[in-house]
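Below you'll find the structure I mean.
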Amino acid sequence: MSAEDLENYETELELDLYREYRDVVGLFNYVVETERRFYLANQVDVQVRSTGGEVFFELSLTDAWVWDVYRSARFVKSVRVVTFKDVNVEELAKRDLELP
């Protein structure tokens, strides 16, 4: 496999992942971004913790979808994330009218 073949393969995986995201985003209430991952979830709980003078975030996500091109199963029942980095949680706006 050449470097170009590998690059084309990875590009195709990313495009497939984007298409999947576009298809499922309407099923979720929240977008969650951490330094390592991007999630869609229906329930999000963020707790600020402190230990030894360090502050970190503990996130619990329920009914989640994980943006990760190499995961075989992106839908997960629950996710627990612990991070010392920034966390961004946004509530997704729901459309009042869905077109067929």
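The values are calculated or read from the model by the stated rules, or taken from the named source; none is laboratory data. All values derive from a computational prediction rather than experimental measurement. Quick reminder, even Gly has a Cβ in these numbers, built from the backbone with ideal geometry, and neighbours come from all protein chains shown. For accessibility, only protein heavy atoms count, side chains too; no ligands or nucleic acids. Shrake-Rupley method; radii C 1.70, N 1.55, O 1.52, S 1.80 Å.
Those residues that are more than 22 Å from T11 (Cα to Cα) and among the aliphatic types (A, V, I, L, M), I need them from the stretch 41-71; list them, please.
Correct list: A41, V44, V46, V48, V55, L59, L61, A64.
Pick out the one residue from R19, R37, R74 that is free of Cβ contacts under 8 Å to residues at least 12 places away in the same chain, of a type outside the set (S, T, N, Q) and closer than 30 Å to N8 by Cα.
Residue meeting the stated conditions: R19.
Within the stretch 1-46, restricting attention to residues that are hydrophobic (A, V, I, L, M, F, W, C) and surrounded by 14 or more Cβ atoms within 10 Å (Cβ to Cβ), which residue is nearest to K77 (Cα to Cα)?
My answer is A41.
Looking at V32, V46, V66, which is the one that is touching a Lys or Arg at 6+ places or on another chain (Cβ under 7 Å), under 22 Å from V89 (Cβ atoms) and of a type in the set (A, V, I, L, M)?
Just a single option satisfies the conditions, and that option is V66.
Return yes when V89 is open to solvent by less than 50 Å² (accessible area, probe 1.4 Å) and either among the aliphatic types (A, V, I, L, M) or closer than 25 Å to L13 by Cβ (or both) and no when it is not.
Judged against the criteria, V89 is not a match.
Hey, among E33, E54, E10, E4, which residue is under 14 Å from the mean Cα position of the chain (by Cα) and acidic (D, E)?
E33
I'd like to verify a number: residues in the stretch 1-29 that are closer than 22 Å to V44 by Cβ and either in contact with a strand residue (DSSP E or B) (Cβ under 7 Å, 6 or more places away or on another chain) or not aliphatic (A, V, I, L, M) (or both), how many?
Qualifying residue count, the stretch 1-29: 9.
If we scan the stretch 48-62, do we find a residue that is open to solvent by less than 80 Å² (accessible area, probe 1.4 Å), touching a helix residue (DSSP H, G or I) at 6+ places or on another chain (Cβ under 9 Å) and without any contact (Cβ under 8 Å) to a residue 60 or more places away in the chain?
no
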